Amino acid sequence: MASLATLPRPARSIPVNDTHPVTDDEAWAAFERRDRTWDGRVFGGVKSTGIYCRPSCPARRPRRENVEFFPTAAAAARAGYRSCLRCLPDEVNREEVALEKAFRLLAEAEEAPSLEAVAAAVGYSPHHFHRLFKRATGVTPAAYARSLRARRAQEALASDGRITDAIYDAGYSGPGRFYADAGKRLGMTPSAWRDGGRGAVIRWATAETDLGTMLVAATEKGICRLSFDEDETVLRRRFPKAEICHGGPDLAELVERTVAAVNAPEKPHDLPLDVHGTAFQEAVWRELTRIPPGETRTYSQIAAAVGRPAAVRAAGTANGDNNVAVLIPCHRVIRTDGTLGGYAYGLERKVALLQKERGGA
């Protein structure tokens with residue numbers, strides 16, 4: 001990963017539990033931007049105060065020459081530093097364990113447990129746990145539980161069987177609740193989801209962009225696919241029983257706005273999206289949209305940011321499952337060793353996107 005700070009000193013490596021050792025420059029850059037995704041990966045000892053902190057510590061930053069870095073809190077303590085009472089760096093491991101336990105509880109529960117019950121099970125007060133969970137995943141525990149329930153419904157509807165059985169098996173109290181909750185998340189009726197998109201209308205168009213020929217497909221809710229070098233056959237394979245038609249004039253304005261967004265990826269967009277996945281996938285996609293234009297994050301950083309630091313491979317898979325290129329910027333994710341890694345539409349496009357965002361094109 002390229003450093004975000006230039007320092008007049010050698011780049012010493014810190015041997016952390018990662019395939020890519022962290023350099024002093026990278027560690028300092030994480031502290032400068034108060035990067036929560038680096039909490040637990042590195043700890044900074046401040047020589048002038050004798051304390052050690054996590055990168056996201058809100059305290060005023062010390063002078064660079066007064067900071068040294070450690071791979072663990074224990075290593076900092078052995079060097080004679082005390083734990084910061086403001087950012088509580090020793091809590092990092094406890095938070096990770098609590099989150100992992102909460103994920104298991106929510107995944108295994110037939111009915112979503114209350115916030116109070118989950119918080120008590122992992123050893124936190126409800127208020128503290130709610131804040132911790134949302135900070136790690138981007139969603140509340142209740143929203144996460146709803147995502148899990150909707151995913152169960154998707155899986156049940158994709159298999160043979162009665163729709164009503166699928167609704168109850170997924171944990172809904174009845175069809176009404178399902179249609180109000182999961183139906184919105186699926187973007188089409190339950191029977192349409194199970195039956196290859198029967199009854200759904202998906203409009204598509206192609207257009208020329210600075211990156212080549214783009215395919216845009218949209219439901220009434222928003223863009224469901226943005227890709228390059230593809231045609232409508234990819235939509236017909238995914239939804240063989242949907243009504244898939246050329247967008248024509250009805251889609252022209254949306255296509256024009258999408259071309260503008262692709263040609264200027266450094267600018268924010270307000271295009272409507274209709275994309276859904278598992279709770280984990282959606283957490284990863286949300287985290288991708290938080291990466292500033294022109295900057296990059298590693299797969300391990302994304303996994304840590306969504307509260308699943310061990311799920312690096314899964315984060316990479318979720319990144320690849322993104323259906324709306326550029327609009328959800330999966331091109332901003334790189335390998336832990338600093339190389340660009342893959343891109344569904346070719347590395348040349350990935351390089352071009354990053355150059356545009358950095359003002360190089």
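Return the pairs, sorted by first residue and then second, in which the second residue is assigned to a loop (DSSP other than H, G, I, E, B) and aromatic (Phe, Trp, Tyr), the first residue lies in region 91-113 and is assigned by TED's automatic domain parsing to the domain that holds Ser147, the beta carbons are less than 8 Å apart, and the residues are 6+ apart or on different chains.
Ala98/Tyr124
It is to be established whether one or more residues within region 272-288 are assigned to a strand (DSSP E or B), closer than 24 Å to Arg135 by Cα and not assigned by TED's automatic domain parsing to the domain that holds Ile328.
Looking through region 272-288, at least one residue is assigned to a strand (DSSP E or B), closer than 24 Å to Arg135 by Cα and not assigned by TED's automatic domain parsing to the domain that holds Ile328.
Quick one: which of Thr298, Thr289 is within 14 Å of the chain's Cα centre (by Cα) and buried (at least 17 other Cβ atoms within 10 Å of the Cβ)?
Numbers: Thr289 fails: buried (at least 17 other Cβ atoms within 10 Å of the Cβ).
Within the list Thr298, Thr289, the selection yields Thr298.
With the structure loaded, tell me whether Ala205 is out of contact with any Pro (no Cβ under 9 Å at 6 or more places or on another chain), of a type outside the set (Ser, Thr, Tyr) and within 30 Å of Gln355 (Cα to Cα) or whether it fails that test.
Considered against the rule, which asks whether it is out of contact with any Pro (no Cβ under 9 Å at 6 or more places or on another chain), of a type outside the set (Ser, Thr, Tyr) and within 30 Å of Gln355 (Cα to Cα), Ala205 comes out as yes.
Yes or no: region 69-87 includes at least one residue that is within 29 Å of Gly123 (Cβ to Cβ), within 25 Å of the chain's Cα centre (by Cα) and surrounded by fewer than 16 Cβ atoms within 10 Å (Cβ to Cβ).
No: region 69-87 contains no residue that is within 29 Å of Gly123 (Cβ to Cβ), within 25 Å of the chain's Cα centre (by Cα) and surrounded by fewer than 16 Cβ atoms within 10 Å (Cβ to Cβ).
Condition first: outside any loop (DSSP other than H, G, I, E, B) and in contact with a His (Cβ under 7 Å, 6 or more places away or on another chain). Can you find one or more residues in region 261-271 that meet it?
yes
Can you report the number of residues in region 96-123 which are surrounded by 15 or more Cβ atoms within 10 Å (Cβ to Cβ) and at pLDDT below 80?
Final tally of qualifying residues: 3.
Kindly evaluate Leu251 against the criterion of being touching a helix residue (DSSP H, G or I) at 6+ places or on another chain (Cβ under 7 Å) and either not polar (S, T, N, Q) or not assigned by TED's automatic domain parsing to the domain that holds Arg131 (or both).
In short, no.
Among the numbered conditions (1) surrounded by fewer than 21 Cβ atoms within 10 Å (Cβ to Cβ); (2) closer than 19 Å to Pro268 by Cα; (3) touching a helix residue (DSSP H, G or I) at 6+ places or on another chain (Cβ under 7 Å), tell me where Ala352 comes up short.
(3)
Anything in region 310-349 that is surrounded by fewer than 23 Cβ atoms within 10 Å (Cβ to Cβ) and closer than 22 Å to Lys101 by Cβ? List them, or say none.
If the condition is that a residue be surrounded by fewer than 23 Cβ atoms within 10 Å (Cβ to Cβ) and closer than 22 Å to Lys101 by Cβ, then Ala310, Ala311, Val312, Arg313, Ala314 are the ones that fit.
Looking only at helices (runs of 4 or more DSSP H) that lie completely in region 291-361, which have at least 2 residues being free of Cβ contacts under 8 Å to residues at least 12 places away in the same chain and among the aliphatic types (A, V, I, L, M)?
Here the list reads 347-357.
The values are calculated or read from the model by the stated rules, or taken from the named source; none is laboratory data. The model shown is predicted, which means the values in this text are computed figures rather than measured ones. Please note: Cβ atoms are built from the backbone with ideal geometry, for glycine as well, and neighbour counts cover all protein chains shown.
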